[in-house]
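Every read-out reported here was derived from the displayed coordinates using simple, explicitly stated rules and does not represent laboratory data. Predicted model only: the values in this text are computed from it and were never measured. In this analysis, Cβ positions are derived from the backbone assuming ideal geometry, glycine residues included, and neighbour counts consider all displayed protein chains.
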Amino acid sequence: MVPIPLTDNVRRTTFWISTLLLIVANVWIFLYELSLGPRSINQLVFLYGIVPARYTTPGRLGLLTPAGFFAPIFASMFLHGGWLHLLGNMLFLFVFGRSVEDRFGHLKFLLIYFVGGFGGALLHIFLNAGSRIPSIGASGAIAGILGAYFVSFPRARIKTFIWLLIFFWTIDIPAVVVLGYWFLIQFLSGYYQMLAIQSATAGGVAVWAHVGGFIVGLLMALVLWPRRARFEIVR
């Protein structure tokens, strides 16, 4: 069974300009990736992807400049490995980002996004010490938005597309169920990979970056002062 979120029922009072700009930036950079040849793409990914060995190899961290430390973490948030990777991330950003931006305002929304991505990257690096596999994608940053949504709109309902073999339908599911299920899947996937002594990037998915981003976004939503103290749900 494949659940795909489509939209939520939160009544918003401001336009989601920051969410839109992030989507446009991610799409524009992905189109730039497509304009490169295979060799140039590989060079781009290894240069600006998150390679844990750069941060965890003894003696290597001390050689990193501030730009060398931070640039790959933030640049990697705008790189994607294919159309499905990009479209999946942008769909989640669209569905959940608009309401989080409306609640916290444009700048705090961006703060949650980038700090969530940073926190997710650090957890990924820590649990993949020594790995030379580059990790790219906005998933960790978007997970931060999901964490903020989880505590800000637990009673919201998410219109979800359900696909099971040849059957499909839509259903409204409470946000706390949708995001709780999503987080549980990410955590269990990472846990079982560790039990199997596999890299947390097994299958091409940096699940611990998702877990770390979600937790950081959740905590930030609890401590940041929202733009609006109250919110309304469209019933």
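Across Val95, Val223, Val45, mean-square fluctuation computed from a Gaussian network of the chain (C-alpha pairs under 10 Å connected) peaks at Val223.
Pull out a ≥ b ≥ c, the square roots of the eigenvalues of the alpha-carbon gyration tensor of the chain, then state rounded if a/c is under 1.5, prolate if not and a/b is larger than b/c, and oblate in the remaining case. It comes out prolate by the Cα gyration axes. About its Cα centre, the dipole of the chain is roughly 400 debye, where the only charges are +1 on Lys and Arg Cβ and -1 on Asp and Glu Cβ.
Sequence-ordered 3J(HN,Hα) estimates for the stretch 50-56 from the Karplus curve with 6.51, -1.76 and 1.60 and θ = phi - 60° stand at 8, 10, x, 4, 5, 9, 10 Hz, glycine and proline given as x. Among Gly88, Gly190, Gly217, whose mean-square fluctuation peaks in a Gaussian network model of the chain (Cα, cutoff 10 Å)? Its mean-square fluctuation being the largest, the pick is Gly88. When the chain is treated as a Gaussian network with alpha carbon springs shorter than 10 Å, the biggest mean-square fluctuation among Leu164, Leu91, Leu219 belongs to Leu164.
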